[in-house]
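Every read-out reported here was derived from the displayed coordinates using simple, explicitly stated rules and does not represent laboratory data. If you're wondering where the values come from, they're calculated on a predicted model, not measured in any experiment. As a convention, Cβ positions derive from the backbone with ideal geometry for all residues, glycine included, and neighbour counts pool all protein chains shown.
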Amino acid sequence: MNRSQRAKLASRTAITVAAVTTNLATGLATGVAYADDESPAGSLQLEEVLVTATKRSESLQTVPVAVTALTAGVLERGNARELGDLVKLSPGLTIAYGSQPGNFAISMRGIGTFSNGIAVESDVAVVVDDVPYGFQAAAFQDLIDVERVEVLRGPQSTLFGKSAIAGVLNITTAAPTHEWSGKATILGTNDSEKRGAFTVSGPLSDTLRVRLTVSDSDYDGNIKNITTGQKVNGSSGLSTTAKIEWTPTGNLTLSLAPRFNRNESTCCVSPLTSLTPGLFYQGEPAFPASTVLAGIPIGVGNHYIRNDTRPSGGDSKTTGGTGRVEYHFDDTSFMKGHTFASISSIDHWRMFDYQDIDGTDSPFLLGFPVAAPSGINSGAQIRGYFHAKSYTQEFRLTSPDDTRLKYVTGLWYARNDLDRYLGRGPVLQQASYLAQSTNENYSWYANTTFDVTDQFDLLGGVRFNKQKISYDFDNYNVHPNAHFDGANQENSVTGKGGIQYKWTPDIMTFATYSTGYKGQAYDLVSTFTAKTAAQMPVPHETAKNYEVGVKSSLFDRRVYLNLALFHTDFNGFQTSVTNTLPDGTFLTFLNSVGKLRTQGVELDGAAKVTSNFQLNGSFAYTEATVAKFPNGPCYTGQTLAQGCYTDATNSKVQDLRGKPLNNVPKFKGNIGGEYDQPLGSLPFDGFLTVAYRIQSKVNYSLSQDPRTIQGGYGIADFSIGINDKNDHYKVTAFVDNAFDKNYATSIGNGTAGFSAPGVTAFGSSWGLARDSFRYFGARVDVSF
């Protein structure tokens, strides 16, 4: 960041902080709802929230990390029912949706890896009860029995490993209770979403406790398939989690947490929003667009398609479990106050995916001129599967909280065995391959805080990591079959250093410098060739992050206001560039971008305006740009005058230096509030919640395609209900996207295979979110 940029950013920060502080002081807050509102009746203080962002339990307001904590109450008020809903509550978080569930990608502060390949790690780790998902796509499940979600922004490689170079979603599920309790929830909407969940928890003896949660969901979707009469772009699933906790002595706790998830998703359909008139599918006169797309009202807001097979989606199952042993050293031990933990896990994720790649219900292959009419009475499709087996083992030692030197240190091992089979055809970019990859990681880490004085702390951390990766790739689409394999290993060191100063017991500042690392990768997709193999592996990715933060509790803890100012450089950023071929086939190619830069300001806040009224929200300003990428991709139709030229390899490229990253809005924020209304002698009280989120325009294409821009928009959600005074039941009616503001999670620029002789064809399509259209619903919670 040069002097001019720093001055501009500091000016923006000062103006923003002053405005937000003034608003909060008058009871109008901005910031994300990270404080639980389960404070005692009549209390004018916000509830303290504990987080494990540094692998020890600390107050959110004292931990020197840019983190937003979303409690169970916040998730419920925000209607966050699955992982993808978290983007509504955390402005620094975005999700890129691909052609099937196996290539979804999470981004933090604009940084996230998008890839169809299994041998490319994510930039954002998803960790549940100290265990990371070995393959990020497996994390896209329902959020059930969640106690808290911590959104840790910026490089977290030192504590959470090399898949956390851009951030971490640290999810903590609820623990077994010491008294018997339970909860049942049912939810339904006017567009046929149905959900039900049941939890029971309690002691089987003085030393043994259990918890069981079962959740079932079903949602057809918000896109209509005219051919079958069915809805798509939805999902259904069953999730079961359990926890068994045994404390045979006061110092020793053993727990076992088995889990199961089944999900069937028709998630990845993109209806056409524009298309040049007079076109034919694959240019064949027998298949005019007027017939192939009959009944589809092409235009803004279109949610109709024609598919003769199952649309794009995937059916997955996850089975696994975590075993945990914790031993607290007693006061007579030389390790007085320390805690030793062993955390072991095993998970197996399987997904069968399917895609109707021609996007029509016409048997166009009857007339498709491969060499002569093929005579195949069908369209084109993809069928495949993913397998991911993950094993982890962590040994952790945590020092006591009441010493001047506090530390967490540990040993970490992880192994991921992955394979991917894909069959595409019977014509149209035929492909058939099996890719297999294994990665193993061995690490030692340590994180420390040294209290120089009661107010001034030194922060430090380091991680040594050894990675071993290997792959096998069999291409069955050639004769004889082509086989490729390879193996590599690499060592890395990441670290963190900083200072923390407590101006008062309620106001703290921190400044940190941290580095991040993500390992080498292989581009194991259908475009893999001998030339690609010779260029493997794709080099590792690194990050350098500078961060300054302020955390404050104001007006006798009636107001929380947290701020973070960050500047991060990424070198060798790994990402797949997408390309839609003229026949509609969607391909990706892994690139190592020279350098990216992301910088900005983030604010989180909450205010207890009265004992019955709480406001909360968040705001993020993010400048994410390409600092170096001389051979970036061109967009369809881009000319030399627009910067696209042919390089020495006869590829169309452009220099993307200084261009904004795709899928990163500059401004994003939300504000929400809940008002509780006592109803006197009635057995229940009333409540009203309001949430509004807003973001600036965003381009979904790294190539800067002007036809893939989503304009800025705002979404308003409302709910109203009653709550039993004894908390035995709660009834909520809600409306999401109350003003029916349509918006896209992705925009494609392509003709979906339509063309005509001598005609320059254009077309576009959009991906729909769950709340891209207004819907209503009701929820009933019963506790016992």
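Quick notes on this one:
- Shape call, the stretch 162-245: gyration tensor on alpha carbons, a/c limit 1.5: oblate
- Principal axis dimensions, the stretch 694-764 - Cα atoms, whole angstrom, descending: 72, 24, 19
- Pairwise FRET efficiency - D451 versus V780, Cβ, R0 = 41 Å, nearest 0.05: 0.25
- Dipole magnitude for the stretch 409-559: computed about the Cα centre from +1 point charges on Lys and Arg Cβ and -1 point charges on Asp and Glu Cβ, it is near 200 debye.
- Student exercise, the chain dipole from Lys, Arg, Asp, Glu Cβ charges, in Debye to nearest 20: 1760 debye
- Rounded to whole numbers, the Karplus 3J(HN,Hα) couplings from phi for the stretch 221-233 are x, 10, 10, 9, 8, 4, 5, 9, x, 9, 8, 9, 6 Hz, using 6.51 cos²θ - 1.76 cosθ + 1.60 with θ = phi - 60°, and x at Gly and Pro.
- Spin-label model, V493/S57: points 7 Å from Cα along the beta carbon direction are separated by 3.5 nm.
- [x] 10; [y] 15; [z] 63, with the label sought being that of the calculated percent of Cα pairs over 53 Å apart: [x]
- The slack in the chain from I186 to A530, taken as 0.36 nm per residue of separation less the alpha-carbon distance, amounts to 118.4 nm.
- Per-peptide average of other Cβ atoms within 10 Å, ordering 671-679, 267-275 highest first: 267-275, 671-679
- Computed from point charges on the beta carbon alone (+1 for Lys and Arg, -1 for Asp and Glu), the dipole magnitude for the stretch 544-682 about its Cα centre is near 300 Debye.
- For D330 and L204, a Förster radius of 25 Å and the Cβ-Cβ distance give a FRET efficiency of 0.45, rounded to the nearest 0.05.
- Compactness relative to 2.2 N^0.38 Å, alpha carbon Rg of the stretch 621-675: 1.70
- Using just its DSSP H runs of length 4 or more, each adding -39500 (n - 2.57), the chain gives a mean residue ellipticity at 222 nm of -1500 deg cm²/dmol after division by all residues.
- The modelled label-to-label distance between D417 and K466, using points 7 Å beyond Cα along the C-beta direction, is 2.1 nm.
- Quarter the surface of the alpha carbon convex hull of the stretch 308-354 and you get the mean projected area, 4.5 square nanometres.
- Helix 3-25 and the long axis of the chain differ in direction by around 60°, with both axes built from C-alpha atoms.
- Scattering curve values for the stretch 246-368, log₁₀ I(q)/I(0), Debye with Cα scatterers, q = 0.09, 0.13, 0.18 Å⁻¹: -0.53, -0.71, -0.99
- Shape call, the stretch 646-784: gyration tensor on alpha carbons, a/c limit 1.5: prolate
- Simple label model, 7 Å out from Cα along Cβ direction - Q677 to T504, nm: 3.6 nm
- Inter-part distance, the stretch 92-123 to the stretch 171-207, computed on C-alpha centroids, equals 30 Å.
- Seen from A446, the other residues with C-beta closer than 11 Å to its C-beta sum to a net charge of +4, counting Lys and Arg as +1 and Asp and Glu as -1.
- Around K468: net Lys/Arg minus Asp/Glu count, Cβ-Cβ under 13 Å: 0
- Mean sequence separation of contacting Cα pairs (under 8 Å, at least six apart), scaled by the length of the chain, corresponds to a relative contact order of 13 percent.
- Debye intensity ratio I(q)/I(0), log10, the stretch 337-448, q values 0.11, 0.14, 0.20, 0.23 Å⁻¹ (C-alpha model): -0.60, -0.73, -1.02, -1.15
- Hull volume per residue, based on the alpha-carbon atoms of the stretch 416-562 and their convex hull, is 164 Å³.
- Which of N481, N742, Q599, positive extreme of dipole for the chain (C-beta unit charges): Q599
- Listed cross-link partners K55/K595; K628/K652; K194/K741; K162/K406; K468/K496 are compared with a 26 Å cut-off, the Cα-Cα value being larger for K55/K595.
- From the largest down, the stretch 69-133 spans 37, 25, 22 angstrom on the principal axes of its Cα atoms.
- Extents of the stretch 84-201, largest first, come to 42, 38, 26 Å (Cα atoms, principal axes, whole angstrom).
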